[in-house]
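Notes follow the structure.
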Amino acid sequence: MTWPEVPNYYEAPKQGYKVILQQPQYPVVFPEPSVTQVVTNMRPSSLALAAGMAAFGGAAGYWKGSSIHWQRPAMYFGAALLGKTGLLWGMCDSAYRLMGYKENSVEVDRNMPGLLKREAY
């Protein structure tokens with residue numbers, strides 16, 4: 001039995017650690033979008049979903065907290081939890097669109113205006 005070679009952490013890695021399991025099927029707007037790019041390119045439907053989930057979480061928390069007379073804390077917790085969940089889902093959806101894994105015609109038109117328009121001669 002041979003022991004594996006001890007890695008040297010002071011050298012640059014021989015290979016990247018980023019693994020892509022599928023190829024983008026749509027035009028890539030940003031291959032690695034930042035948080036600012038993701039948030040500014042969120043669609044209104046994603047923001048509406050986050051707001052709806054926050055409202056549902058508040059109502060469900062109020063209803064569940066009423067049995068132990070903790071309506072307000074349970075309402076705030078439910079709204080924060082489901083609102084954050086909806087916001088993160090919308091950010092993931094926006095990032096997938098920017099990286100080309102979902103349909104992104106709106107993002108292409110917004111971020112790359114000169115890509116598809118012909119120049120007038």
Loop-resident trypsin sites (Lys or Arg not before Pro) in region 1-107 with no more than 12 other Cβ atoms inside 10 Å, DSSP not H/G/I/E/B, are K14, K18
How high is the relative contact order of region 1-109, in percent, with contacts defined as C-alpha pairs under 8 Å that are six or more residues apart? 35
May I ask you to evaluate 6.51 cos²θ - 1.76 cosθ + 1.60, the Karplus curve with θ = phi - 60°, for each residue of region 27-40 and list the ³J(HN,Hα) values in order in whole Hz, giving x for glycine and proline? x, 8, 8, 10, x, 9, x, 7, 5, 4, 5, 5, 5, 6
Per residue, how big is the convex hull around the C-alpha atoms of region 33-78? Give it to me in cubic angstrom, could you? 68
Pick out, from G58, I68, T40, the residue whose Cα sits farthest towards the positive end of the charge dipole of the chain, with +1 on the Cβ of Lys and Arg and -1 on the Cβ of Asp and Glu. I68
Sorted by accessible area (1.4 Å probe), largest first, how do V35, V108, V6, V28 line up? V6, V35, V28, V108
Table column - 3J(HN,Hα) (Hz), region 51-68, Karplus curve with 6.51, -1.76, 1.60, x for Gly and Pro: 5, x, 5, 5, 5, 5, x, x, 5, 5, x, 5, 5, 6, x, 5, 6, 10
Quick tally, 1.4 Å probe accessible area for E5, E32, E107, sorted with the most first, runs E5, E32, E107
Quick numbers on the chain, Rg and Dmax over C-alpha atoms in Å, give 22.2, 73
Carbon/sulfur accessible area of the chain, % of total, 1.4 Å probe, equals 64
Report the accessible area of S46, computed with a 1.4 Å probe over the heavy atoms of all protein chains in place, in Å² rounded to the nearest 10. 10
Residues of the chain: accessible area per residue with a 1.4 Å probe, Å²: 82
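The values are calculated or read from the model by the stated rules, or taken from the named source; none is laboratory data. Computed from a predicted model, the values in this text were never measured in an experiment. Quick reminder, even Gly has a Cβ in these numbers, built from the backbone with ideal geometry, and neighbours come from all protein chains shown. The protein model used for the area step is the full one, side chains on, heavy atoms only, and it has no ligands, DNA or RNA in it. Shrake-Rupley method; radii C 1.70, N 1.55, O 1.52, S 1.80 Å.
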